[in-house]
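Right, one structure below, let's go through it.
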Number of protein chains: 2
Amino acid sequence: AGSLWLYRWYYSNLCQRVLGFTIFLILALAFVEFPSSFTRTADVRYRSQPWQPPCGLTETIEALCMLIFLVDLSVKGYLVGQAQLQENLWLLAYFVVLVVSVVDWIVSLSLACEESLRVRRSLRPFFLLQNSSMMKKTLKCIRWSLPEMASVGLLLTIHLCLFTIIGMLLFTIGEKDEAQNEERLTYFQNLPEALTSLLVLLTTSNNPDVMIPAYTQNRVSALFFILFTLIGSLFLMNLLTAIIYNQFRGYLMKSLQTSLFRRRLGARAAYEVLASTAGQTGATSEAVGVNPEDFLRVLQKTQLPKIFKEAIMQKARSYDGRPMLADEFQKLFDEVDKGVIKEHPPKPQYQSLFLQSVQFIFSHRYFDYLGNVIALGNLLSICVFLVLDSDLLPGERDDFVLGIIDHVFILYYVLELLFKVFAQGLRGYLSYCSNVFDGILTIVLLVLEISTLAVYRLPHSGWKPKQYGPLSLWDMTRLVNTLIVFRFLRIIPNVKPMAIVTSTILGLIQNLRAFGGILVVVYYVFAIIGINLFRGVIVPPGNSSLVPNNSSAPCGSFEQLGYWSNNFDDFAAALITLWNVMVVNNWQVLLDAYRRYSGPWSTVYFVLWWLVSSVIWVNLFLALLLENFLHRWDPQSHNQLLVGTRQ
Amino acid sequence: AGSLWLYRWYYSNLCQRVLGFTIFLILALAFVEFPSSFTRTADVRYRSQPWQPPCGLTETIEALCMLIFLVDLSVKGYLVGQAQLQENLWLLAYFVVLVVSVVDWIVSLSLACEESLRVRRSLRPFFLLQNSSMMKKTLKCIRWSLPEMASVGLLLTIHLCLFTIIGMLLFTIGEKDEAQNEERLTYFQNLPEALTSLLVLLTTSNNPDVMIPAYTQNRVSALFFILFTLIGSLFLMNLLTAIIYNQFRGYLMKSLQTSLFRRRLGARAAYEVLASTAGQTGATSEAVGVNPEDFLRVLQKTQLPKIFKEAIMQKARSYDGRPMLADEFQKLFDEVDKGVIKEHPPKPQYQSLFLQSVQFIFSHRYFDYLGNVIALGNLLSICVFLVLDSDLLPGERDDFVLGIIDHVFILYYVLELLFKVFAQGLRGYLSYCSNVFDGILTIVLLVLEISTLAVYRLPHSGWKPKQYGPLSLWDMTRLVNTLIVFRFLRIIPNVKPMAIVTSTILGLIQNLRAFGGILVVVYYVFAIIGINLFRGVIVPPGNSSLVPNNSSAPCGSFEQLGYWSNNFDDFAAALITLWNVMVVNNWQVLLDAYRRYSGPWSTVYFVLWWLVSSVIWVNLFLALLLENFLHRWDPQSHNQLLVGTRQ
């Protein structure tokens, strides 16, 4: 009984939320810790000295978090039981990670936070990983597809190597035209250079550039690059997508089936328990089954959502006290599968005939359409003013007309809000999500407009007030207009095909949490490693003889493009840098810059990150999206499979 | 009978090949016609005056081709029949295209080939299109998925517009910091500029650059760009992939089923005909069925491949003259589905015991492995010399050692060839594809080496012969080494996982013909349109005041990057330019250049090409690859479906 209570307590909402918040907290510490990310810019040229937390602040928070993890680990260990504890590798790893973190924490404190390497920082994502069973499953899926991916990877490597050798043989300096061919040296100068060029071409990031010198000499040599891109980028890379998708095809279906199976098993077990207690108390032996009253009493204590509970209770009452058989008992829980149609509160009833007709007008859908048309008109007016004002400096702009127009539109929005509340009642109004979205934005807009009026008075022609308070009138107007643009999004649910696509995307986001979690883990680990490897490597120009002056830097180099903010000097900057490498475009610039500033081995880090993020994760994402989408657009086969497990 | 004979003649191999060659010829004319592609380079700076065909040459070929098409059209029209002719839109369109072409041809001749616009050039791909039923089917499939794609396209447009407006509101010049913000003007100066910037960001082609000015000012603004890329590039673009894949999912299966169904229908019809003739001649009424001898006689006249014919005949003989029933008759043709295992000729029998043991050694698979290891060694030796020689000019290189090594390796290859022929016999050797590949390369290498020896004599230390003949020694060596690299590909079938992946790709290529055809059509039409729109628009620097000097051109511009060869001045150059836009990377440079040289409307052409090639076609390709791959890796469900149609 004690362990059952502990189990319930551990899996209660409160406990799980505290645990989730703790994980979030310990991960978020990376922004605060040295090197902290609290500067306005990440650019090494303009960056001010950031605020550094005093020694002991983040360490105290860490200690609290680790205490909670310790409790979590012991409860989990107790619940799993002595026997299974030793087989559960995740729990063992949890223990090891926790011990290492504590030891590293003690070392850290004893050195007064001045230690050179914080091992525990790169271990932190493990806490996120071990807390989610979906993420563990996804990891397992990825591990299964690794052998096939390795074979494609091998093929890619051979493809790359062969083309490198052929490229070097084709594009070396000939005997006759030495001076002319000097240009070709840029991309095929030596083996590592050629290999890097073609590796980058595999991501198409240097596409026309790499072929230009050879192509300018001779048309035919373009074929070499086209062939390379076709085989590598179109065939082999997409084959990777296919392999990953093949592995994840039944993924969603399987997890649905598993959860259904578990529920049915649980229901059956509950039936057996309830039936046996009924058998003990009941006198007649033929009344084998569960007494609905017993069931209702037990149901009251469970933690199902209220709507499902009521639906099940209603169905259970229909048996009129007659004992339920196993099949009937199972069918009760099918109610949970049925989509619950949210009921909207009834419209308020007005007595007067005039009020009734007004209510009819404002709750009609044409009134909604009118609102959409007016929102579109507002958007267009903003566009027109953007076009008109684009060449003017802010001082020269006349905000009079735009100000008046904004006032009129916002007045309309407020009136719309009021009429709708009148027609549907306040609770009826709030029961629609789109109304809540509308309403909040309208109220924020109203508050902004009133405060603008209060500070800057009524607009008049040639109206150029000075700045009062934290926001200038110009900033206010910009903010208002941005919010109006957001408010325009309300039209999306009204357009049928867009609504379907949007609901697919929203449904995807729910299934995406495991994948997003893995992305967070990967980003975190790579960012921490990147900080340890490359912090302070990029030095601003002028401070060092290494860096050429901005004007003398060759075109397309890190310095000329001004990529100074793409560094690893703090956590936030590292995340953005990793994002830029993940998007792949122009990553050769970063490759080249870090090779110059930090040494040739930095390439390994970037190529590894490219493989993990862009090759594996993006393909994983595409596989998930395909899976989700095909499910939603082909619900027939979906239901069929679920029925299959039911029988 | 006449029309049956015509039908047979029309669908005979010869006729179809002539037609295919005619289509190829008329398409290939684009390279020859004015502006012809016969220059060494496409660069406007260095391009020489190309050879132009005299008026009448290409026109004569065209006239011949059109005559053949006329015959084709009339035969097809006759075979389809009067009644269906008017409903067959493809044939009607064929007729219209042919008429327009002839009229245009006459106009062309009467103006002595000096007309400004050749309409018929852009109509030519239609001949390719109408000749392939697979391409017509694929087109239909694409048309079906257009509505769904339009809804995603609408969403993409809204996404783009909203972010453009928000971006312009966020990144305009503020009131306080005018000088500082000057930089942001590059990407969000006015509405068209901002729209183009974000459109290009959707393809991630200007990824870090577009965020750098704002991100340098403030870290937070990076979120705007990341959010835009996430929603646009990761969600909406991949949703397009999902939609296209959804449409093409059953595509392969359906066409397999259709062809199977047609075959069974044909077999059944043949059975009915044969059975009725048998019923007339046979006396007993209970012997309903086909007489195997009748069947064998008919089978002799059909055009099945020989292997299948023999298999069917063997099975038919097993009925021993007893009449076959419908089911048995159908089963005969299942032989065609069974994969035919190619039998290799028997090994030659040698009398002497010594020869037998030698034969055993050289036909053992370890001998193959040894050959692979030696090929790898040769590749490595080439690599080593490439690394060693990379910094030397060709005049300083000593080719003595490499020359000797190459001689030794090629000697080994020749010996290997001879031993294998000895062990397996010549016919046995040639029955393996890999051997043929090996053998041809080895013989070419041998010829090259012997001619090198004949021209340049034996190598010795410090050996630097002058050039004789068309190829220098250095070119010879390069050619030899390139061929050796190709020969190394023989190891691929020996590595199991790579063999699977390679066979998938090869299988894909067979299914790809329809898609490749559509790509050719699209490329052709766009290239011709591009030539008509943009020929001569790009002018070399120095000739015009429009073009800044190379050194003064801003970084990242068309002129600085030297993209002079990416023009539409002839057909081959146009194809390469379109390829570069299709690969998408750095296409904003071309967009910008053509906007400057040709006017703002050129953007429409490039965006349209991007949509057709990169968005639709690449996704189509991915869908086909997924479909093909999943088929091959999941043959169980595949067979199941085929069985489903059979019953």
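What follows is calculated from the coordinates using simple rules that are stated; it is not laboratory data. The structure presented is a predicted model; accordingly, all values stated were derived computationally and were not measured. Backbone-built Cβ (ideal geometry, glycine too); neighbour counts: all protein chains shown.
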Query - Residue order, fewest to most surrounding Cβ atoms within 10 angstrom, among B:Arg124, B:Arg264 - result: B:Arg264, B:Arg124
Report task. Give the chain B residue with the shortest beta-carbon distance to the rotation axis relating chain B to chain A, plus that distance as a whole number of Å. Result -> B:Cys555, 2
Requested in this report: List the residues of the stretch B:25-39 whose backbone N lies under 18 Å from a point placed 7 Å from the Cα of B:Glu114 along the Cα-to-Cβ direction.
Outcome: B:34-35
Query raised in the report: For the stretch A:46-182, what relative contact order do you get, as a whole percent, if you take Cα pairs closer than 8 Å and at least 6 residues apart?
Result: 17
Report task. Fewest Cβ neighbours within 10 Å first, please rank B:Cys141, A:Cys433, A:Cys15 accordingly. Result -> A:Cys433, A:Cys15, B:Cys141
Report summary line: For A:Arg45, inter-copy label-point distances (7 Å, Cα→Cβ), nm, shortest first, read 2.8
Requested in this report: Hand me the chymotrypsin sites (Phe, Trp or Tyr not before Pro) from the stretch B:515-616 located in a DSSP loop with no more than 11 other Cβ atoms within 10 Å, in residue order please.
Outcome: B:Trp601
Report summary line: Here the whole-number average of other chain Cβ atoms within 10 Å per Cβ of A:147-155 is 3
Report summary line: Over chain A, the sum of -39500 (n - 2.57) across DSSP H runs of at least four, divided by residue number and rounded to 500 deg cm²/dmol, gives at 222 nm -22500 deg cm²/dmol
Report task. Kindly provide the chymotrypsin sites (Phe, Trp or Tyr not before Pro) of the stretch B:32-82 that DSSP labels as loop, not H, G, I, E or B, and whose Cβ sees at most 11 other Cβ atoms within 10 Å. Result -> B:Trp51
Report task. Percent of Cα-Cα pairs per 5 Å bin, from 0 to the last occupied bin, for the stretch A:139-248, please list those. Result -> 2, 12, 21, 21, 15, 10, 8, 6, 4, 2, 1, 0
Query - Inter-copy separations for A:Ala63, label at 7 Å along Cα-Cβ, nm, ascending - result: 9.9
Report summary line: Partner shielding of B:159-168, taken as the mean number of other chain Cβ atoms within 10 Å, equals 4
Report summary line: Stokes-Einstein D for the protein assembly as shown (20 °C, 1.002 mPa s, Kirkwood Rh from Cα pairs), in µm²/s, comes to 57
Query - chain B: radius of gyration over Cα atoms, expressed as a fraction of 2.2 N^0.38 Å - result: 1.25
Query - Vicinal HN-Hα couplings computed from phi for the stretch B:412-421 (Karplus, 6.51 cos²θ - 1.76 cosθ + 1.60; Hz; Gly/Pro x) - result: 4, 4, 5, 4, 4, 4, 5, 4, 5, 4
Query - Mean Cα-pair separation over length for the stretch A:139-248, i.e. relative contact order, pairs under 8 Å, 6 or more apart, % - result: 34
**Report entry** Candidates per GluC sites (Glu not before Pro) in the stretch A:63-131, loop by DSSP, up to 10 other Cβ within 10 Å
**Finding:** A:Glu87, A:Glu114
Query - Sites A:Leu67 and A:Arg143 - FRET efficiency at Förster radius 22 Å, r taken between beta-carbons, to 0.05 - result: 0.10
Query raised in the report: In nm, to one decimal, how far is the modelled label at A:Gln82 from the one at B:Leu415, with both set 7 Å along Cα→Cβ?
Result: 7.1
Query raised in the report: What number, in percent, do you get for the relative contact order of chain B if the mean sequence gap of Cα pairs under 8 Å and at least 6 apart is divided by its residue count?
Result: 16
Query raised in the report: So which of A:Lys254/A:Lys306; B:Lys76/B:Lys137; A:Lys254/B:Lys140; A:Lys140/A:Lys301; B:Lys140/B:Lys315; B:Lys254/B:Lys331 end up more than 30 Å apart by C-alpha?
Result: A:Lys254/B:Lys140; A:Lys140/A:Lys301; B:Lys140/B:Lys315
Query raised in the report: Can you give the FRET efficiency for B:Ser132 and A:Leu426, using 1/(1 + (r/R0)^6), R0 = 60 Å, r = Cβ-Cβ distance, to the nearest 0.05?
Result: 0.40
Query raised in the report: For the stretch A:2-131, what value does the Rg/Rh ratio take when both radii are computed over Cα atoms and Rh is the Kirkwood radius, given to two decimals?
Result: 1.06
Requested in this report: Search the structure for amide H atoms under 5 Å from the amide H of B:Gln189, placed 1.01 Å from N in the peptide plane, and list their residues when 5 or more places away or on another chain.
Outcome: B:Ala194
Query - Label 7 Å beyond Cα on the Cβ vector: B:Ile443 copy-to-copy distances, nm - result: 8.7
Query - FRET efficiency, 1/(1 + (r/R0)^6) with R0 51 Å, evaluated for A:Ser318 and A:Asp592 via beta carbons - result: 0.10
Requested in this report: Let me know the mean shielding of A:234-242 by other chains, meaning the per-residue number of their Cβ atoms within 10 Å of its Cβ.
Outcome: 5
Query raised in the report: Taking the protein assembly as shown as a whole, which cysteines find no other cysteine Cβ under 4.7 angstrom from their Cβ?
Result: A:Cys15, A:Cys65, A:Cys141, A:Cys161, A:Cys383, A:Cys433, B:Cys15, B:Cys65, B:Cys141, B:Cys161, B:Cys383, B:Cys433
